[in-house]
Amino acid sequence: MLSHVGELAALITAFCWTVTALSFEAAGRRIGSLAVNLLRLLLAFVWLTLYNAIARDLPLPTDASGHAWLWLAASGVVGFLIGDLALFRAFVLIGSRLSMLLMALVPPMTALIGWFFLGEGLGAFDLLGMTLTLAGVCWVVAERAPNGANGPTRRPWGGIALGFVGALGQAVGLVFSKVGMGSYSPFAATQIRVLTGVVGFSLLFAFIGWWPKVIAGLKEARAMRLVTLGSIFGPFLGVSFSLLAVQRTQAGVAATIMSIVPVLIIPPSVWIFKERVSPRAAFGAAVAVAGVALLFWPK
């Protein structure tokens, strides 16, 4: 299993992002997704500072090289700011299911960009595993929800373009992180990305006059508990493990494993929200799991 540290880190990331997706969805309904975006990063910066102070005896990434700061900061802007803003807007325009279907483009985009920037190749088992995983995820996400709950029936090209930009932002952000990180600590690297995201969102909110809504969100106790939980499993643990994943395996393979969140979210949806799982969703989940298993197959 030591030879699959990257793949295991990607799987842990997917589990973390499942928790954060449920938390941020509930919090966003109370205080708005834009406020959640900034608050999650502020809290994550606190957790990362505490962790690095204990684990590295350096509360801030002052030991990072200029090369690391440049690429990781660029990754934070592209991934957190541009990518997430586009994705959350796409949710509104075209619905969450079609948006998540477009996010299934992240692994092949990441693999292509990783090949171009890093010269990363993929073996036959990797390609087969990626294909099965993406097919299973797309099969689950593309299922039409009952009673028109699948989001807006109209699919405006603007929303589709934003979903594409969100996927591209995630892919470029992962590869930029790998370029800048090298052998540097994934948790310290995440701190640089989060700090860049905080600065970017702060400037944006000052420009659009959104700070009063953020301050109002701080007064919502229930929402803040959810944001706190999501910040721990999202930009603190989830993003840090995602960087460990791309550090220890091919970026495309890591992105594929991390894309199974729509499959992992099925069990809690059944247990917590009492949703029914269709045979189609169960079959897609099985295909995705089989694909992930192939990615762990001895090379």
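Remarks
- Gyration tensor (alpha-carbon) shape descriptor, the stretch 1-142, a/c threshold 1.5: oblate
- Under a model in which nothing but the beta-carbon of Lys, Arg (+1) and Asp, Glu (-1) is charged, the chain shows a dipole of about 840 debye around its Cα centre.
- Lys/Arg +1, Asp/Glu -1 at C-beta; the chain dipole; positive extreme among G121, V175, V277: V277
- Unit charges at the beta carbon, dipole of the chain: most positive-side option, A288, T18, V239: T18
- For the chain, the 222 nm mean residue ellipticity estimated from helices alone, with every DSSP H stretch of n ≥ 4 adding -39500 (n - 2.57) and the total spread over all residues, rounds to -24500 deg cm²/dmol.
- When peptides 216-224, 100-108 are ranked by their average number of other Cβ atoms within 10 Å per residue, the highest-first order is 100-108, 216-224.
- Prolate/oblate/rounded call for the stretch 18-80, Cα gyration tensor, a/c under 1.5 rounded: oblate
- FRET efficiency estimate (nearest 0.05) - Cβ-Cβ, R30 to E143, R0 22 angstrom: 0.20
- Extension gain, R222 to A286, is 19.5 nm, computed as 0.36 nm per intervening residue step minus the present C-alpha separation.
- Helix runs (DSSP H) in the chain reaching 30 Å along axis by Cα, Kyte-Doolittle at least 0.0: 5-31, 33-55, 157-181, 186-208
- Dipole orientation for the stretch 149-261: of the candidates I260, A188, V199, I260 has the Cα lying most toward the positive pole (charges on Cβ; Lys, Arg +1; Asp, Glu -1).
- Rounded to the nearest 0.05, the FRET efficiency derived from the C-beta distance between K213 and S3 at R0 = 41 Å is 0.30.
- The ranking of C16, C138 from fewest to most other beta carbons within 10 Å of each one's beta carbon is C138, C16.
- Long-range amide H partners of E275 with built H, under 5 Å: V270
- Burial ordering of F80, F116, F45, fewest other beta-carbon atoms within 10 Å first: F116, F45, F80
- The candidate values are (i) 27.5; (ii) 15.5; (iii) 14.6; the one derived from this structure for mean projected area of the Cα convex hull in nm² carries the label (ii).
- Here the calculated FRET efficiency for E275 and L112, from their Cβ-Cβ distance with R0 = 35 Å, stands at 0.50, rounded to the nearest 0.05.
- The label point for L70 and the one for A135, both projected 7 Å from the Cα toward the Cβ, are 4.3 nm apart.
- Length available on full extension from L127 to S183: 0.36 nm per residue minus the Cα-Cα distance, which gives 17.6 nm.
The numbers here are math on the coordinates, done by the rules we state, and not lab data. Predicted model, so just to flag it, every value in this text is computed and none were measured. Note that we place each Cβ from the backbone using ideal geometry, even for glycine, and neighbour counts take in every protein chain shown.
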